[in-house]
Structures are given as C-alpha cells and as structure tokens.
1. If I filter the range 325-344 for residues that are over 29 Å from the mean Cα position of the chain (by Cα) and either within 16 Å of the ligand (Cβ to nearest atom) or more than 24 Å from Leu265 (Cβ to Cβ) (or both), do I get at least one hit?
2. So which residues in the range 328-357 are part of a helix (DSSP H, G or I), crowded, with 17+ Cβ neighbours inside 10 Å and of a type in the set (Val, Ile, Thr)?
3. Among the residues in the range 212-222, are any assigned by TED's automatic domain parsing to the domain that holds Tyr166, at pLDDT below 95 and of a type in the set (Gly, Ala, Ser)?
4. From the list Arg357, Arg311, Arg351, pick out the single residue that is among the basic types (Lys, Arg), out of contact with any Lys or Arg (no Cβ under 8 Å at 6 or more places or on another chain), within 25 Å of Asn223 (Cβ to Cβ) and away from the ligand (no atom under 16 Å from the Cβ).
5. Going by the structure shown, is Pro176 in the same structural domain as Gly236 (by TED's automatic domain parsing), of a type outside the set (D, E, K, R) and without any contact (Cβ under 8 Å) to a residue 40 or more places away in the chain?
6. Return a yes/no flag: does the range 187-210 have any residue that is surrounded by 21 or more Cβ atoms within 10 Å (Cβ to Cβ), assigned to a strand (DSSP E or B), in contact with a strand residue (DSSP E or B) (Cβ under 6 Å, 6 or more places away or on another chain) and of a type in the set (A, V, I, L, M).
7. Has the range 277-291 got at least one residue that is under 20 Å from His156 (Cα atoms), assigned by TED's automatic domain parsing to the domain that holds Gln125, more than 35 Å from the chain's Cα centre (by Cα) and in contact (Cβ under 8 Å) with a residue 40 or more places away in the chain?
8. Which of the residues that make up the range 274-307 are touching a Pro at 6+ places or on another chain (Cβ under 8 Å) and outside any strand (DSSP E or B)?
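The values are calculated or read from the model by the stated rules, or taken from the named source; none is laboratory data. All values reported here derive from a predicted model rather than from experimental measurement. Positions of Cβ are backbone-derived with ideal geometry, glycine not excepted, and every protein chain shown enters the neighbour counts.
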Amino acid sequence: MNATFPASPDLDALVHSARECFAQARASADLENAKAQFLGKAGRVTELMKGLAQLSIDEKKTRGAAINQAKQAIEAALAERRQQLADAQLAQQLQAEALDVTLPGRQRGAGGLHPVSLAWERIEQIFGSMGFDVADGPEIENDWFNFTALGNPPNHPARSMQDTFYVDMSDEQGQPYCLRTHTSTMQIRYATAYAHRHLDALRRGEVGEIRVIAPGRTYRVDNDATHSPMFHQVEGLWLGANVSFKDLKVTYLNFCKAFFETDDLLMRFRPSYFPFTEPSAEIDIQFSNGPLAGKWLEVSGAGMTHPQVLRNMGLDPEKYQGFAFGSGIDRLAMLRYGVADLRQFFEGDIRFLAQFR
Ligand code: PHE
C-alpha cells in the first residue's frame, strides 16, 4: 500500500455532493438538515466510519485518514455556506431597515379639542368666573335622583320606556337603574352632599349658599338631526336666602353674552312646566346679527326650585330659595359654531373636527 492516500473517488464524490447540497440550502434550517445527512449520527460520513471495522489495521489507517480528510472538507464547506447565508441575511435586513436620512421628519399631528369639549370648557370658565362650583356625578342613576326627588310622580311619561334607557339592574328598593335622562340629578346629589354645611350654618342663624354647575353626559331614546341618544347638558343651581328670578335672568343673560361673545342678544322666558321648578320657563335667545339673526332659539329649561325639591335636599323652603337651569351643551355648541346637524359632532370625521382647532 502507498503511504500517500490512494485516490478515493467515492470520498471525492461525497465531498462534491455535500457541497452541492449545502449550496442548495436557501436558509439556515435547510442547511442544518443537509448537514445531518452528511455529518449527523446516521449521516454518510458516520456510515463510512462504521465500515472501517472490517478493514485490516493498515487499511484502517489510510482509509480512516482519507475519511477524516473528506469530513474536514465537508465541515469547511458547511462553515463556508453558513457564513454565506448569514451574510445574505444580514444584507437583507440592512436593506429592509435602511434609513433614508434625507427624508423630511415625520410631524407629530397637532390635535385639538372636540367642539363639544370646547363649549364645555367655556361654560365652566364663564360660570366659574361668576362664582359657580363645578360638580360631576354618575351617569347610571337610580329612580330617586333621576325622577322621584325631582317631583316626577311614578306615572310621569318621562319615565316611560320610550324616553329612558333602563339598565338591567335594580336598587335595594327594587327600582331599576337608568342612564340619567338629565343632569338635574346633580341638583339633589350636590345639595344633599353639602346639606350638613347648611345645617351648621342654620344653627349659627345663617343661611348658606349653593352655587354650582354640573356638566355631563345624558341619555334618551332619541335619534335625529337635532337629537342624539347620548347628549350633553349643563345643570345650574343657585340656592340661598334671597336668590330670585331676577338673579336667574341676570346670570343666564351674562352667561349667554360671554359664551357667544356678543352684547347684541335678546333673551325671553317662555312659561313652561318642569315638576322640580315653580314657576318654570324655557329660555330663548335671539341674535341681532349674523346668520341666525331674528330667530328665537331655545337654549335652556329653567325655573325656581320647587319647595318639595328643597325638602328632598334636606333644606328648609322657608329659609332657602333659588333657581335651576338645564341647558344642552351640544345645542350651545351648534349655535356658537354654526353646525346644522348634531350628528356631525359624534361621527368622528376628522375633516369636520379639524375645523375647530
Ligand atoms: N332637566 C330639564 C330637562 O332636561 C331641564 C331643567 C333643568 C329645567 C333645571 C328646569 C330646571 O329638560
């Protein structure tokens, strides 16, 4: 036997076929499969090694060395292909994540408040400047706060299923909860929450004062160009020893002038009915200028707080009197911004909303 390795065409062919197989692998998973075929436990190289057992010692040496050389060649081919695939993958990733530093920067879109929020904020500011507190309360209400305490008798049509959204859940009295149909609930909630202050004041021979607005969401079964099932109201309540209808007129007129930023404004009170005020009125305003000039526009319900409502608040009607009003915030926003269809406020069309920025 020759000391140099005999030519081993089977081993050359094996190395060649390993190279081809590796070259065909397009991803590292393919390559690892291909590797197993040649270098794995049941791979072709291992098979050849097992075949050595039948050879003589001399033959083992030469054949063994030749197989090892072939194995090394296969391992080198594998390493080379691994590197190629890794390079290709990196190149692809760099390509995908390429930054074009010459592109203009992405602007952060300038947001803006919704027109109803703008109106809401103005209302809080204006009444705040007139000494009104701002209160917030629940939208899911019980019968007492939404109806009974406000003088709504049990069979009043306002309670009917056609107007009121009921929640499938009852209070301890077995009365169903509802989505509040107005913010007047907050008259009772706020006054009773603060009644103790007034009892203290009374003991000192004084009469306290409640001056609050309560803006928020309200719900009724209604849906057309001027009604939405969810809408916004702002409640106003001013109670004290001498708060009169005159104060209601002055307060509301000053509010309207500030809200609409004009003095050219007429206001009238139309007799009306609410079970929690007596007398009751609808407040209409009329602009002297602008696109709505000359039309009476209804903006609010109002009236002097009913004595029984004062009692329900824990206040003595002989000591306390005052007024309440409830205005539609959406309605005020429509008038201020000249919006004809209420539904536009709630469709979320950015082209519409962006006009109010
Ligand atoms: N809650 C009444 C409504 O929703 C409005 C109102 C509030 C009237 C306060 C009088 C006093 O129609």
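1. Within the range 325-344, one or more residues are over 29 Å from the mean Cα position of the chain (by Cα) and either within 16 Å of the ligand (Cβ to nearest atom) or more than 24 Å from Leu265 (Cβ to Cβ) (or both).
2. Ile329
3. Within the range 212-222, not a single residue is assigned by TED's automatic domain parsing to the domain that holds Tyr166, at pLDDT below 95 and of a type in the set (Gly, Ala, Ser).
4. That would be Arg351, the only listed residue that is among the basic types (Lys, Arg), out of contact with any Lys or Arg (no Cβ under 8 Å at 6 or more places or on another chain), within 25 Å of Asn223 (Cβ to Cβ) and away from the ligand (no atom under 16 Å from the Cβ).
5. yes
6. yes
7. Within the range 277-291 (the criterion being under 20 Å from His156 (Cα atoms), assigned by TED's automatic domain parsing to the domain that holds Gln125, more than 35 Å from the chain's Cα centre (by Cα) and in contact (Cβ under 8 Å) with a residue 40 or more places away in the chain), the answer is yes, since at least one residue qualifies.
8. If the condition is that a residue be touching a Pro at 6+ places or on another chain (Cβ under 8 Å) and outside any strand (DSSP E or B), then Pro275, His306, Pro307 are the ones that fit.
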